Each structure stands twice: as structure tokens, then as C-alpha cells.
Amino acid sequence: MTPRKPVRGRLRRTWQRIRTEPQLGRNVSLLTALLVLAAVAGGIVLSNQGSGLTSWPWTDRFVFHAEFDEAQGVAAGQGQEVRIAGVPVGAIQAAQVGKDGKADLELGIDRGYTIYDNAVLVLRPKSPLNEMYVEIQPGGPPGHAVTEGQTLPSGNTRSPVTIDRVTQHLDDNTRAALGALVNEADVALANAPENLPGGLSSTDAVVKNLQPVVTELNGRRESLAKLVTSLSAISQSIGGNDQRLTTLANSLQQTLQALGDQHTPLNSSLQQLPDFSKQLKDATDAVQELTTRLDPTLDDLRGAAGSLPGALAKLSDTADHIGSVADKANPVVTAAGPVVKDLRPVVADVNQALPHLKQVSARLSPVTAALVPYLSDLQAFVYNTASATSVVDGDGGMLRGIGQVGPDTIPLLNSLGRPAK
């Protein structure tokens, strides 16, 4: 009990000093508050950074090892993550060189996730600064679950390809040119805040204009897929029928052989082809000229088609008058039937007299030519003497009709007494 008394006395004196000395209590309170805030901020930062301790002492994790050919950019204990399907589930806890010269990484993940021995582990960069993380594809049956502390071989892992591994294969001139390109890109992007928005807006407009093209390309892709499927079906059908394929090949060979035998006529036909092309061109020019001449005719026909309905209406009225005339002429035709029947014997005699009449008709031309100058006088004579033979009375004129009978309108009797055909 004796050692505690000096400690208690010292604490009592310190507390009394803090209470009695001016402004000392305030300073101690501010210092205590700052220490508490620093502890809280440090805890928050360590939690968001995955904690440099990789895991808290009370964290229960499933730990196993994985061999990588290369573990560039890995800093164990700095909170570099282990992810499954993009979700952080653990951290890289330690890194060392294995007995075979490969990198041996100790991975700790939360319990509840099962990793199989056919899993694939990929070391990926998280940022351009080569801040790495491990992406795990857990695998599954028929693989076996990985046990605590088990090491997955390098066949299950993939290392990243960084930019320095690419550039180290380039020669000096190429690296210098690449450096110049990066510098020029830096200069070009110096005014990016002012110029880049307009370019991005134009790019957005171009993308919108290209949308129909992409739609058509998608349709073309679907059509090509259907075509490939159809060709596959055709190929399978042809491959499954060797006999028909052989027959087709033989027929093709015979066709080619027959074509080879007829090469001479084919060559002569090809030699005549230029003349045929010239004739075809001439015919085309003639058709063009005919088309040129036909256009005015079609224009006139179009104009005539406009007046055709009126003409048809007038023709309809004329047809009505012709019908009434035919009705009135019907009794005349009926009465003329016996007369025509009596005239048939006379026609046979007239038929025999026609050769002589033809000779006489041939000599009438001079007489007709001599009468032509007197036709006007004859017209006046007929007009002046019309009243002597007129059938006009006080009620108007009567319908006049002319009936003409000739050898070509009356069936003639042949020598046997039968009507001539």
C-alpha cells in the first residue's frame, strides 16, 4: 500500500494545480480534445485505406498463399486489396520470394468465401501509378477447396503487363519518339478546358448521327449470322450426302469438258459480240429518236383525250338518231327484199358483162377529164332544176334515201345456179 500513496499524492497535486492555476485547465482540455480528434481521424483514415496493418488483431481471416511469376508494384501491409467479382474481400498481407525464385504473396480474405484449387488469380493495376490489387475467380467443382495456408502454384496466377515492360523492348529512337509524342500531347491538352468541351459536343453529335449506321450494322450482323447458319446447314446436308456430291462433281466435269469442246464456236461468238454491241447501240439510238418523235404525238393525244368525252357525248346523240332512222328504214328494207330476190338472175348476166364494162370504164377517163371543167355549170343546173323534182311541201322536207346495188353487194350465181361465195 505504500507505493500507491506517492502516486495518488502526485495526481492529487497535479489536479489541484490544474484547477487553481489560471488558464492551465483550459489548455489541458484543448490538448486532450485534440488528441481524441487525432485518434478518431487516424482510425477513419486507416479504415478507408484498408489499414496498413492489413488486418486488425481481432480480425478473423482465411489466409492462403499464391505464387506469381512477377509481383511488380506490390507493397504488402499497405492495404492493397483482394477482390472477388470486383468486391474487396481482403488484403495482401505479406510478400516474399519463394524457394523457386517466384513471388509468394500471402492473401487474407474474409471467411465465408470458398476458394478452389482451379481458381485464377490476376494481379491488376488499380491506377496508372501501379497500385496493385489481386482479382480472384474462385473456381468451383470439380476442383477442391483450398485449405488454410495452402499455396496455389503459378499456373493459377497471371501477372500484369505494365507500360515499362512494353517500352523496354523499344529501341532508343522509338522511346525518344514516344517521349516526344507524350510531350506534344501535353502541349495539345494545355487548352483542353476551353477546347475539349466543344470537341466532345461534336463527338456526341457524330455518335448520334452514327446511331442509324450502327443499327443497320447490327441488322447486317444478324443477317450474316443467319447466312452463316444457313451455309452451315447446307454444308452439313452436302457433307451427309456424298453420292449426290460426287454426281454433282461429275456433272460439273462433263459440263466443263463439253464447254472445252465447244471453245471454237464460243470464240467465234465472242468475236461477233462487238458487232452485236454496235447493232444494239444503233437500235438503242433509233429507239431514242423514236421516243423523241413520239413525245409530241403523246402530247397531242393527251390534248385529244381532253375533248374525247364531248365527242363521245355527241356521238351518243348521233347513235340515237341513227337508231330512229334504222327503225324507219326497216319497212323499206323489208319491202326491198323481194326486189333483190328478183334482181339475182339479172346479176348473173351483169357478171358476164363486167369484162366488157371494164374495157369501157378504162376509156371513160378522157371523157371524165373533158366533163370536169363543166361541173360547176352542171351544179348550177341541178340546183335550178331541183324544184322540178323536189319532194318538199308546206310541212317541210321528206326523208330521202339512196339505195345502191352493185355486183359486189348482191350474191352472184355461179354456173351451177348456186350463190357465189
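Results for (1) among the hydroxyl-bearing types (Ser, Thr, Tyr); (2) surrounded by 10 or more Cβ atoms within 10 Å (Cβ to Cβ); (3) in contact (Cβ under 8 Å) with a residue 24 or more places away in the chain, shown as yes or no for each residue.
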site	(1), (2), (3)
LEU152	no, yes, yes
GLY179	no, yes, no
LYS208	no, no, no
THR229	yes, yes, no
Would you be able to tell me the number of residues in the stretch 145-167 that are of a type in the set (S, T, N, Q) and in a helix (DSSP H, G or I)?
-> 3
Residue check: is ALA94 surrounded by fewer than 16 Cβ atoms within 10 Å (Cβ to Cβ) and either assigned to a helix (DSSP H, G or I) or at pLDDT below 85 (or both)?
-> no
Hits in the stretch 97-139 - residues which are over 20 Å from ASP60 (Cβ atoms), out of contact with any helix residue (DSSP H, G or I) (no Cβ under 9 Å at 6 or more places or on another chain), outside any strand (DSSP E or B) and not polar (S, T, N, Q) = GLY98, LYS99, GLY101, LYS126, LEU129, GLU131
Just give me the residues in the stretch 97-123 being surrounded by 13 or more Cβ atoms within 10 Å (Cβ to Cβ) and of a type in the set (D, E, K, R), in sequence order.
-> LYS102, ASP104, GLU106, ASP110, ASP117
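The values are calculated or read from the model by the stated rules, or taken from the named source; none is laboratory data. These numbers come from a predicted model, not from an experiment. Backbone-built Cβ (ideal geometry, glycine too); neighbour counts: all protein chains shown.
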